[in-house]
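The block underneath contains the structure these notes are about, expressed in structure tokens.
Just so you know, all these numbers are worked out from the coordinates, no wet-lab data involved. As the structure is a computational prediction, the values presented were derived from the model and not from experiment. Because the Cβ atoms are built from the backbone with ideal geometry, glycine has one as well, and the counts that use them run over all protein chains shown.
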Amino acid sequence: NTMFNSSLTIAVPLYNESETIDYMKERLIEAIEKINLPNLNILFVDDGSTDNTFDLLTKKFSDFKNVEIIKHNKNKNLNGFLITVINNCDTEFVVFLDSDCTFDPIYIADMLNLISPDIDIINGSPYHPEGDVEGVKRGRLLVSNGANMLYKLLVDKNISSFTSIFKMYRTSKIKNILIETKGFVAVTELFIKAILNGANVIELPCVLRIRKYGDSKINIIKSTKNHLIFMSKLMFYK
């Protein structure tokens, strides 16, 4: 099992997430015990929050080892978060996790168990036949399902989830990828460009749950538009 000699960064974006930090800490503590990895880093990116997210992170995680907090002076959205992580990550693997833990961090341990020398991406997939979605609004589900179906056709790979953030990457496979889209679609762009560059993917079916605290930051209409723009570029990119 490779997991015991690998190093991993758990990277989390936060934008005005003061309400969810206690819950996130609780879930992370449980996950870290299960992950059992000597080289485990946590990287929080406070993406220009205007509430006390940064102070809470500093306070609540002061007793953790290997935690780094980077603060963006203004909101740079998910594309900015991904760029910051790629530029600051020096572990062998990196996993992107939502601060609201709609994907339970416990799954990270399962992802590590799937690592092998020929696997570069482990894709946390709620839209996999064995995955599930609980309590998420219908509008968002329709957009996600539609986008995932179209990406599947465009990329011509049997992958069930392109749009969700919860993915583990071999860091070397994403170091040189240029992220050109803005917002949530950047997650998909990074994933697809890595695949088109030859990265091998395996899927981990998992459950996506509705967030417990605070509000979702996704703007469905804007997100849909950005996905459509990226899809049209993808036809030429390939």
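The trypsin sites (Lys or Arg not before Pro) of region 45-89 meeting both criteria, a DSSP state outside H, G, I, E and B (loop) and at most 16 other C-beta atoms within 10 angstrom of the site's C-beta, are Lys65, Lys74. When the chymotrypsin sites (Phe, Trp or Tyr not before Pro) in region 94-141 are filtered for DSSP coil states and for at most 12 other beta-carbon atoms within 10 Å of their beta-carbon, no site remains.
The value of relative contact order for the chain, using C-alpha pairs under 8 Å at least six residues apart, is 25 percent.
Annotation: amide H of Tyr15 within the under-5 Å range of Asp47, sequence separation 5 or more or interchain, hydrogens built in the peptide plane.
Check each of the GluC sites (Glu not before Pro) in region 19-85 and keep only those in coil by DSSP with at most 12 other C-beta atoms within 10 angstrom; list them in order. Please report the intermediate quantities before stating the final value.
Working: sites: Glu19, Glu26, Glu30, Glu33, Glu68; in loops: none.
Of the GluC sites (Glu not before Pro), not one in the loops of region 19-85 has a Cβ with at most 12 other Cβ atoms within 10 Å.
Over region 36-84, the reciprocal of the mean inverse Cα-Cα separation, the Kirkwood hydrodynamic radius, stands at 11.7 Å.
Over region 28-118, the pair-distance histogram of Cα-Cα distances with 10 Å bins from zero comes to 14, 46, 35, 6, 0 percent, rounded to whole numbers. Distances between every pair of Cα atoms in region 148-204, grouped in 5 Å steps from 0 to the bin holding the largest one, split as 4, 18, 32, 29, 15, 2 percent. In the chain, the inverse of the mean reciprocal separation of distinct Cα atoms equals 17.9 Å; this is its Kirkwood hydrodynamic radius.
Summarising the strand pairing of the chain, around 20 percent of its internal DSSP beta bridges are antiparallel.
May I have the pair-distance distribution P(r) for region 54-190, computed from all Cα-Cα distances with 5 Å bins from 0 and rounded to whole percent? Distribution as computed: 2, 8, 16, 21, 22, 16, 10, 4, 1, 0 percent. Relative to one another, the C-alpha centroids of region 153-189 and region 100-133 are positioned 14 Å apart.
Shape summary of region 1-52, radius of gyration then Dmax from alpha carbon positions: 13.2, 43 Å.
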